[in-house]
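**Q** Questions regarding the structure given below will be posed in turn.
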Amino acid sequence: MNKYPIVGYGSLLSHSSLRETIKDKRFQKILVKGYKRIFNLIDGKTDILNLEKSKTDHFNAILFYVNDEELKKLKLREDEYNLEKVDVFDFTTKEKISEAYISIDYIIDIDSGKKQPNKEYFTLCRSAAYELGNDFGKYWDETTYTSSNEKITNWIKKNKEYDKL
């Protein structure tokens with residue numbers, strides 16, 4: 001049976017959210033270089049976390065492994081996204097671990113006019129990052145952006161109602 005390394009950087013950081021699609025997984029904390037994590041709006045309806053290629057940015061995430069059947073379920077869940085291979089690095093040591101698959105959508109443009117992330121989705125993703133450790137959560141805040149390109153670290157200070165940790 002094949003095993004596929006998957007990067008979770010949004011709702012897939014959350015064990016409870018992941019369990020809605022596949023069984024619970026063991027996570028390894030990682031870094032992904034060359035991308036910027038941004039809250040984005042789909043068709044004026046809901047937020048997603050998406051990525052933009054960037055020579056200077058990086059973000060923290062988790063690495064977990066799935067089999068063929070679980071990969072099919074994840075592809076159905078993340079149907080707006082394409083899978084792309086990237087190098088992943090250990091969160092603590094910064095040493096390269098391997099290649100893994102990220103989910104990225106090149107078709108949907110980043111909606112730079114959307115100022116506020118969806119509160120429920122934002123809280124789910126951010127809380128999951130902090131559940132992996134305070135250092136991991138703070139790093140998530142530092143490497144995640146609103147669609148108007150403001151770091152969550154700065155944005156959350158002005159939007160206290162989103163700070164539900």
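**Q** Full extension from Y106 to Y4: what is 0.36 nm times the residue separation minus their Cα-Cα distance, to one decimal in nm?
**A** Taking Y106 through Y4 to full extension adds about 34.5 nm, to one decimal.
**Q** Set the Förster distance to 41 Å, then compute FRET efficiency between K55 and K138 from the Cβ-Cβ distance, nearest 0.05.
**A** Calculated transfer efficiency: 0.95.
**Q** Residues in region 53-68 near a label at T93, defined as backbone nitrogen under 19 Å from the 7 Å Cα→Cβ point?
**A** What the label zone holds, given the 19 Å backbone N cut-off, is 60-65.
**Q** Between T123 and K73, how many nm apart are label points set 7 Å from Cα along the C-beta direction?
**A** 2.6 nm
**Q** Mind checking which aspartates and glutamates have their C-alpha under 13 Å from K138, skipping anything on the same chain fewer than 8 residues away?
**A** D163
**Q** Something else about it: Just for the Cα atoms in region 1-93, what are the lengths along the principal axes, largest first, rounded to whole Å?
**A** Per principal axis, max minus min of the Cα coordinates gives 39, 36, 22 Å.
**Q** Bin width 5 Å, alpha-carbon pairs only: give the P(r) of the chain as whole percents, running from 0 to the bin holding the largest distance.
**A** 1, 9, 19, 23, 22, 16, 7, 2, 0, 0
**Q** Among E131, E78, what is the fewest-to-most ranking by other Cβ atoms within 10 Å?
**A** E131, E78
No lab work stands behind these numbers, since they all come straight from the coordinates. For clarity, every value in this text was computed on a predicted model and none was experimentally measured. We place every Cβ from the backbone using ideal geometry, glycine too, and count neighbours over all the protein chains shown.
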